[in-house]
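To start, the structure under review is shown below, and the notes come after it.
The values are calculated or read from the model by the stated rules, or taken from the named source; none is laboratory data. These figures come from a predicted structure and were not determined experimentally. Every residue, glycine among them, receives a Cβ derived from its backbone with ideal geometry; neighbour counts consider all protein chains shown. Please note that ligands, DNA and RNA were not included when accessible areas were found on the heavy atoms of the full protein model with its side chains. Shrake-Rupley method; radii C 1.70, N 1.55, O 1.52, S 1.80 Å.
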Amino acid sequence: MERFLVVHCPALAPLDDRGRHARGLAQVLALLQELSARPPEALGPGLAALATRGPARYFGGDWALAAHVRDLLAKRLGLEGHLGVADGLLAAVLAAELAAQGGQEPVVVPPGQSPAFLAPWPVAVLGQPKLADLLARLGVRRLGQLAALPPAAVAERLGTLGL
């Protein structure tokens, strides 16, 4: 599974001045583009992601890459960034959210540990309210419970969205 670094810049999240925030996110994306041959992705207001394979190797690992990006955001753009690194985009987004709650330090989920990291999170973090409601009515309230179900049963009951 591919690893991602997610940058969460709370100052760019409010949409009261969409132009200013879009320009700010464009600057973050340009900064991330300097670090990799692969283009970064805008995930939403104040959120951007970068695949880490090449950049992490170059900077000496995920932690060093995250610290470097955090420092670049502060020095070059004057932005506070909360960073998360994990296997898979959802885990990296949640790691960045956790970093935002905990302060300045990036949250780096070790390779292969994303399933354990995701397990206690509520199914609501999937961003699918109808699916989360259905899962809760079925007694599945955490991502770990969902992951423990047989994929064939999930596909039969919930279709591709559930998978």
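Once the chain from residue 2 to residue 64 is taken as fully extended at 0.36 nm per residue, the excess over their C-alpha distance is 20.5 nm. To the nearest ten degrees, helix 151-162 and the longest principal axis of the Cα atoms of the chain are 50 degrees apart. The mean sequence separation of alpha-carbon pairs under 8 Å and at least six residues apart, normalised by the residue count of the range 85-151, gives a relative contact order of 27 percent. As a fraction of the 1.4 Å probe accessible area of the chain, surface on carbon and sulfur atoms comes out at 58 percent. Packing-based ranking of 107-118, 41-52, 145-156 yields 41-52, 107-118, 145-156, ordered from highest to lowest mean Cβ neighbour count within 10 Å.
Tilt of helix 18-33 relative to the longest C-alpha principal axis of the chain, in degrees (0 to 90, nearest 10)? Tilt relative to the chain: about 80 degrees.
Remark: relative contact order (the range 1-150) = 22 percent; criterion is Cα-Cα distance under 8 angstrom and separation of 6 or more residues.
Over all projection directions, the Cα-based convex hull of the chain averages an area of 10.2 nm². Which of 66, 99, 30 moves most in a GNM of the chain, Cα contacts under 10 Å? Maximum among the listed residues: 30. Sorted into 10 angstrom bins from 0, the C-alpha pair distances of the range 38-80 split as 27, 53, 20 percent. Computed over protein heavy atoms with a 1.4 Å probe, the accessible surface of the chain works out to 54 Å² per residue.
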